[in-house]
Amino acid sequence: MKIALAGKPGCGRSTLFRALAGSVDADTGKPLTVKVPDRRLDFLESIHNPKKNTHASVVFFDVPSPSFSTKNLALIKNAAVLTVVLDNYALGDTINDFREIESELILNDMALCEKRLARLTKESRGTSREAILLAKLLKRMEDGSPLRILGLDEGETGILAPYALLSLKPLIVVSNRMGDPVTPDDALSGIVLEHCGTLLGIDTGFELELTEIEENEQKQFLESMGYSSSSLSRLIKAAYSALDLIVFFTMGKDETRAWPIRKGATALKAAGTIHSDLARGFIRAVVIPYNLYYECPDKILLKEKGKLSIEGKDYIIKDGDIIEIRFNV
């Protein structure tokens with residue numbers, strides 16, 4: 001998963017990037033790959049002591065200012081989630097800043113859609129499903145509506161996928177201000193919610209200071225300041241939610257691994273996520289809910305108790321499922 005950090009100059013975007021990297025000296029010009037913290041996976045590792053323990057990963061990009069210039073658009077277009085950082089330290093006009101940024105996203109999308117629609121019309125495809133959809137989107141964007149609020153169906157988003165439209169991307173808004181703990185103001189919360197975004201209050205300066213504290217002391221310091229988790233954990237959690245992702249696990253002596261997957265995915269889709277051969281030769285899936293395994297980390301005993309679930313290809317994966325795919329190719 002790729003997450004782009006964008007915002008106006010001086011908003012705290014690069015400070016947040018360094019905090020996420022865990023170092024004041026982090027190179028903001030390079031992508032930052034971080035492991036997704038997951039205590040469930042750590043528990044599986046403690047039980048199996050595998051050769052490898054593979055966390056899911058997230059890649060952050062610090063989009064330099066001006067973030068929405070033509071030069072920098074590629075970084076945003078390649079991201080699965082857009083995170084906009086607003087400077088709220090002086091309790092300035094963050095709502096106006098947010099509206100300006102949304103307008104830039106919409107204007108970029110309008111230009112792309114107009115260009116594509118003109119080409120379809122020239123090619124005598126002005127009444128195609130794609131052209132009709134683009135015309136509908138342009139009308140809504142002219143009213144100032146970002147595409148993410150329109151509730152497009154799967155077929156429509158499939159048509160638009162190659163365009164990487166900016167205002168269609170899941171949006172996280174970071175209100176960068178001091179607090180104990182930080183709480184975003186209600187007015188900003190309201191407008192971000194209207195635009196189908198997620199608002200997080202983060203003190204980027206505090207988060208960067210946190211990186212200078214020994215790792216084993218960070219949790220206690222966070223809690224003493226009124227925080228339950230770091231900005232990294234909160235951002236990743238928000239991104240997973242925005243993309244409607246859950247996690248399933250595979251385990252064994254060779255490797256324990258976390259696999260992000262869309263909510264509602266089937267066992268067959270999970271098999272294909274692991275390896276295409278598993279999907280091609282799928283027979284069944286052996287499923288153990290994580291909570292059951294945590295209480296009794298013994299597959300043989302769980303089988304004797306009838307706790308192992310044997311599922312077909314249409315089984316809907318649940319968050320935390322531990323899965324073993326039986327297959328034959």
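The values are calculated or read from the model by the stated rules, or taken from the named source; none is laboratory data. From a predicted model like this one, the values you see are computed outputs, not experimental measurements. Methodologically, a virtual Cβ is constructed for each residue, glycine included, from the backbone with ideal geometry; neighbour enumeration extends over all protein chains shown.
Take the residues of region 210-228 that are in contact (Cβ under 8 Å) with a residue 12 or more places away in the chain and in a loop (DSSP other than H, G, I, E, B): which is surrounded by the most Cβ atoms within 10 Å (Cβ to Cβ)?
Of region 210-228, the ones in contact (Cβ under 8 Å) with a residue 12 or more places away in the chain are 210-212, 218, 222, 225-227.
Still in the list and also in a loop (DSSP other than H, G, I, E, B): 211-212, 225-227.
Values: Thr211: 18, Glu212: 10, Met225: 14, Gly226: 11, Tyr227: 22.
Of everything passing the filter in region 210-228, Tyr227 is surrounded by the most Cβ atoms within 10 Å (Cβ to Cβ).
Using beta carbons and a limit of 8 Å, which pairs, at least six apart or on different chains, have the first residue in region 308-329 and more than 25 Å from Ala56 (Cα to Cα) and the second one part of a loop (DSSP other than H, G, I, E, B) and not acidic (Asp, Glu)?
Asn328/Gly281; Val329/Gly281
Quick one: how many residues across region 233-247 are over 17 Å from Val84 (Cβ atoms) and surrounded by 15 or more Cβ atoms within 10 Å (Cβ to Cβ)?
The qualifying residues number 5.
Mind listing whichever residues of region 86-97 are surrounded by 21 or more Cβ atoms within 10 Å (Cβ to Cβ) and assigned to a helix (DSSP H, G or I)?
Listed by number, the list holds a single entry, Thr94.
If the Cβ limit is 7 Å and pairs must be 6+ apart or interchain, which residue in region 31-52 that is within 23 Å of Leu292 (Cα to Cα) pairs with which residue that is in a helix (DSSP H, G or I)?
Pairs found: Val36/Ile236; Pro37/Ser233; Arg40/Tyr290; Phe43/Tyr294.
Going by the conditions given, is Gly281 over 30 Å from Ser167 (Cα atoms) and at pLDDT 95 or above?
yes
Among the listed residues Ser14, Ser69, which satisfies the condition of being of a type in the set (Ser, Thr, Tyr), surrounded by 17 or more Cβ atoms within 10 Å (Cβ to Cβ) and over 30 Å from Phe248 (Cβ atoms)? Outline the logic, then answer.
Working: Ser69 fails: surrounded by 17 or more Cβ atoms within 10 Å (Cβ to Cβ).
After ruling out the rest, the residue left standing is Ser14.
Looking at (1) touching a residue at least 24 places away in the same chain (Cβ under 8 Å); (2) more than 21 Å from Asn176 (Cβ to Cβ), which is the only condition Leu105 fails?
Single failed check for Leu105: (2).
Checking Glu304 against (1) modelled with pLDDT of 95 or more; (2) farther than 30 Å from Leu193 by Cα, only one condition comes out false. Which one?
Single failed check for Glu304: (1).
Picking from Val24, Val34, which residue would you name as being surrounded by fewer than 20 Cβ atoms within 10 Å (Cβ to Cβ), assigned to a loop (DSSP other than H, G, I, E, B) and of a type in the set (A, V, I, L, M)?
Exactly one residue qualifies, and that residue is Val24.
Is it the case, given these coordinates, that Thr83 is crowded, with 20+ Cβ neighbours inside 10 Å and of a type in the set (S, T, N, Q)?
So Thr83 fits the description; yes.
Matching residues to (1) at pLDDT below 90; (2) small (Gly, Ala, Ser):
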site	(1), (2)
Lys35	no, no
Ile47	no, no
Lys52	no, no
Val63	no, no
Lys71	yes, no
Ala74	yes, yes
Val81	no, no
Val85	no, no
Ala90	yes, yes
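Tell me the residue from Asp277, Asp314 that is in contact with a strand residue (DSSP E or B) (Cβ under 8 Å, 6 or more places away or on another chain) and either among the small types (Gly, Ala, Ser) or part of a helix (DSSP H, G or I) (or both), please.
Criteria check complete, one pass: Asp277.
Restricting attention to region 280-307, which residues are basic (Lys, Arg), touching a residue at least 24 places away in the same chain (Cβ under 8 Å) and outside any helix (DSSP H, G or I)?
Arg284 - this is the single residue of region 280-307 that is basic (Lys, Arg), touching a residue at least 24 places away in the same chain (Cβ under 8 Å) and outside any helix (DSSP H, G or I).
Restricting attention to region 280-302, report how many residues are among the charged types (D, E, K, R) and touching a strand residue (DSSP E or B) at 6+ places or on another chain (Cβ under 9 Å).
Looking only at that region, the number is 3.
Taking Phe60 as meeting all but one of (1) touching a Leu at 6+ places or on another chain (Cβ under 7 Å); (2) in a helix (DSSP H, G or I); (3) under 28 Å from Leu245 (Cβ atoms), write down the number of the exception.
(2)
For region 140-168, how many residues meet the condition of being assigned to a loop (DSSP other than H, G, I, E, B), surrounded by fewer than 22 Cβ atoms within 10 Å (Cβ to Cβ) and either among the charged types (D, E, K, R) or touching a residue at least 24 places away in the same chain (Cβ under 8 Å) (or both)?
First pass over region 140-168, keeping only residues assigned to a loop (DSSP other than H, G, I, E, B): 143-146, 150-153, 164-165.
Then drop every residue that is not surrounded by fewer than 22 Cβ atoms within 10 Å (Cβ to Cβ), which leaves 143-145, 150-153, 164.
From what is left, the residues that are either among the charged types (D, E, K, R) or touching a residue at least 24 places away in the same chain (Cβ under 8 Å) (or both) are 143-145, 153, 164.
The qualifying residues number 5.
For region 65-85, which positions are assigned to a loop (DSSP other than H, G, I, E, B) and not hydrophobic (A, V, I, L, M, F, W, C)?
Selection gives Ser65, Pro66, Ser67, Ser69, Asn78.
Does region 185-209 hold any residues that are surrounded by fewer than 20 Cβ atoms within 10 Å (Cβ to Cβ), acidic (Asp, Glu) and assigned to a loop (DSSP other than H, G, I, E, B), and which are they?
The one that is surrounded by fewer than 20 Cβ atoms within 10 Å (Cβ to Cβ), acidic (Asp, Glu) and assigned to a loop (DSSP other than H, G, I, E, B): Asp185.
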